[in-house]
Amino acid sequence: MVAAAPFRGLRFDPDVVGEHAQVTTPPYDVISPEAREAYEAMSPYNVVRLILARPGPGEDGHEGSDGAGYRHAAGLLAAWQAEGVLRRDTSPCLYVYEERYELRGEPRVQRGVLASVALDDSGTWVVPHERTMAGPVADRLRLLEATGTNLSPVFGVYAGAGGPAEALDEVTATRPALDCLDEAGVRHRLWVVADPDRVAAWRQRMASQRVLIADGHHRYRTSLAYRDAMRAANDGRPGPWDELLMFLVDADLHGPAVLAIHRLLADLDGAGVLAGLEGDFDARPAGSPAEAEAQLGRLPADAVAFGLYAGGRSWLLVARDPAALAAEAGRDRRMLDVEVLHGPVLSKRLGVSDFEGRVAYESDLAAAVAKVDDGTAASLVVLRPARFSAVAEIAAGGETLPQKTTYFYPKPRDGLVLRPLDEEGP
């Protein structure tokens, strides 16, 4: 069962920090170096100073070397609490969180609940669907060890047909505790729910759900590692380390959009990719990367295809025999485009095994194209979004997909609610 519970959240005091849009950010792994500087400039209290902390004054090194950045984050977090910048709610609460945005000109709403959720390493109730990489897990673990706080929610979706959400529907007719517009035009609203009856009704309805991790696989894996270490250090006793902060969204009601994450190849140019795939894919010229993306969207669902951009030219690559590629990978089902890309294509035909060093990931097509044009990457593989139903079915069967298979949009904002892992804190 999904054990989701209220918790005493740690929140920015608007009387101290001002507009919440100035102190919140997207998750750490979608923040570019330029965006990081912009968020730092917004406010001395912006949460980017915690999730991507730099060394403090007088400290040598950087956040990825000797731990100076992690120590500085821990010090900032403690100072902000002592100064009243961050204040902890006096009783355990649930936090209804809504994002209003536009996607391709269409108004949309995503709404869910921020709660403390019991970790499940069996994959029975909280189901991962992507593989993780060692580097990001090690980085996030050091930050969690230093701060003792869930600074960012893991994003989970479930198919609840509106049942759990109904228990909290009336709350959204009241004035929110937070209402702000971020730099991307997304409106964020937050309601604090402390009423025991409402909380109990929501928890009961959530218990039977199965939650798919939409975003935050590395942070989830980090929390499992941290839990294991804390259990070992505390004679196996349970504690707040057995849970983590999650944003739970009903995909049937106010769910996210599923977008693609494209692949940037560091040292494989277009000629090399085309030569490696010549016998298995038909290569058709495309007018631009955007046109290749549009052509991908018009292909049948059972096709396997990618776009390719390199040297100022674009192609659409369509597999001649998707079933043969699936059989080659040992699958008796249709494989998603990204599975074929990571397996039969990159690993086997193009000789890529170091997916952390030789492949970069970018959801913004224009930004990805710019990295090829400026020489940061040799080529770009354009992907179409994986269907949510297919991802959920594969995950329910116990399989995991390649890292960065899906980009669920919009992401929950960091800095709205933090979850300290000390139960007796002030």
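The values are calculated or read from the model by the stated rules, or taken from the named source; none is laboratory data. Only a predicted model underlies this, so the values are computations on that prediction, with no experimental measurement involved. For neighbour counting, all protein chains shown are included, and Cβ atoms are generated from backbone atoms with ideal geometry for every residue, glycine included. Accessible surface is based on the protein model in full, side chains and every heavy atom, while ligands, DNA and RNA are left aside. Shrake-Rupley method; radii C 1.70, N 1.55, O 1.52, S 1.80 Å.
Tabulated values for the structure
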read-out	value
Qualifying residue in region 189-212 (condition: within 16 Å of the chain's Cα centre (by Cα) and farther than 25 Å from Arg387 by Cβ)	no
Failed condition for Leu325, given (1) under 29 Å from Asp373 (Cα atoms); (2) open to solvent by less than 20 Å² (accessible area, probe 1.4 Å); (3) of a type outside the set (D, E, K, R)	(1)
Any hit, region 151-165, residues being polar (S, T, N, Q), within 25 Å of the chain's Cα centre (by Cα) and assigned to a strand (DSSP E or B)	no
Enumerated strands (runs of 3 or more DSSP E) restricted to region 249-341, each holding at least 2 residues that are modelled with pLDDT of 95 or more and closer than 21 Å to Ala366 by Cα	262-265, 281-286, 305-310, 313-319
Count of residues meeting criterion [of a type in the set (Val, Ile, Thr), within 18 Å of Asp302 (Cβ to Cβ) and more than 18 Å from the chain's Cα centre (by Cα)] in region 378-408	1
Residue among Arg231, Arg237 that is farther than 30 Å from Pro164 by Cα, outside any helix (DSSP H, G or I), of a type outside the set (A, V, I, L, M) and without any contact (Cβ under 8 Å) to a residue 60 or more places away in the chain	Arg237
Test for Leu264: is it closer than 14 Å to Leu341 by Cα, in contact (Cβ under 8 Å) with a residue 40 or more places away in the chain and in contact with a helix residue (DSSP H, G or I) (Cβ under 8 Å, 6 or more places away or on another chain)	yes
Among (1) of a type in the set (A, V, I, L, M); (2) loosely packed, with under 14 Cβ neighbours inside 10 Å; (3) closer than 16 Å to Val417 by Cβ - the single one Ala177 does not satisfy	(2)
Residue satisfying all of: in region 341-366; under 19 Å from Glu291 (Cβ atoms) and touching a His at 6+ places or on another chain (Cβ under 9 Å); most open to solvent (accessible area, probe 1.4 Å) among these	Asp364
Exclusive hit being modelled with pLDDT of 95 or more and either more than 24 Å from Leu259 (Cβ to Cβ) or out of contact with any Ser or Thr (no Cβ under 7 Å at 6 or more places or on another chain) (or both), set Arg142, Arg104	Arg142
Of the criteria (1) touching a residue at least 60 places away in the same chain (Cβ under 8 Å); (2) touching a strand residue (DSSP E or B) at 6+ places or on another chain (Cβ under 6 Å), which one Trp315 fails	(1)
Members of region 375-426 that are open to solvent by 30 Å² or more (accessible area, probe 1.4 Å), closer than 20 Å to Leu248 by Cα and in contact with a strand residue (DSSP E or B) (Cβ under 9 Å, 6 or more places away or on another chain)	Arg387, Phe388, Ala392, Ala396, Lys404, Tyr407, Tyr409
Matching residues in region 1-27 - criterion: being touching a helix residue (DSSP H, G or I) at 6+ places or on another chain (Cβ under 6 Å) and modelled with pLDDT of 95 or more	Ala4, Pro6, Gln22, Val23, Thr25
Conditions (1) surrounded by fewer than 21 Cβ atoms within 10 Å (Cβ to Cβ); (2) polar (S, T, N, Q); (3) in contact with a helix residue (DSSP H, G or I) (Cβ under 6 Å, 6 or more places away or on another chain); number of the one not met by Thr147	(1)
Cβ-Cβ under 9 Å pairs, at least 6 apart or on other chains, region 13-25 side open to solvent by 30 Å² or more (accessible area, probe 1.4 Å), far side among the polar types (S, T, N, Q) and at pLDDT 95 or above	Gly18/Ser43; Glu19/Ser43; Gln22/Ser43; Gln22/Asn46
Any hit, region 113-125, residues being at pLDDT 95 or above, closer than 24 Å to Gly398 by Cα and open to solvent by 30 Å² or more (accessible area, probe 1.4 Å)	yes
Count of region 78-97 residues which are touching a helix residue (DSSP H, G or I) at 6+ places or on another chain (Cβ under 7 Å) and either crowded, with 16+ Cβ neighbours inside 10 Å or closer than 28 Å to Tyr361 by Cα (or both)	4
Search result, residues across region 98-111 that are surrounded by fewer than 16 Cβ atoms within 10 Å (Cβ to Cβ) and of a type outside the set (Lys, Arg)	Glu102, Leu103, Gly105, Glu106, Pro107, Val109
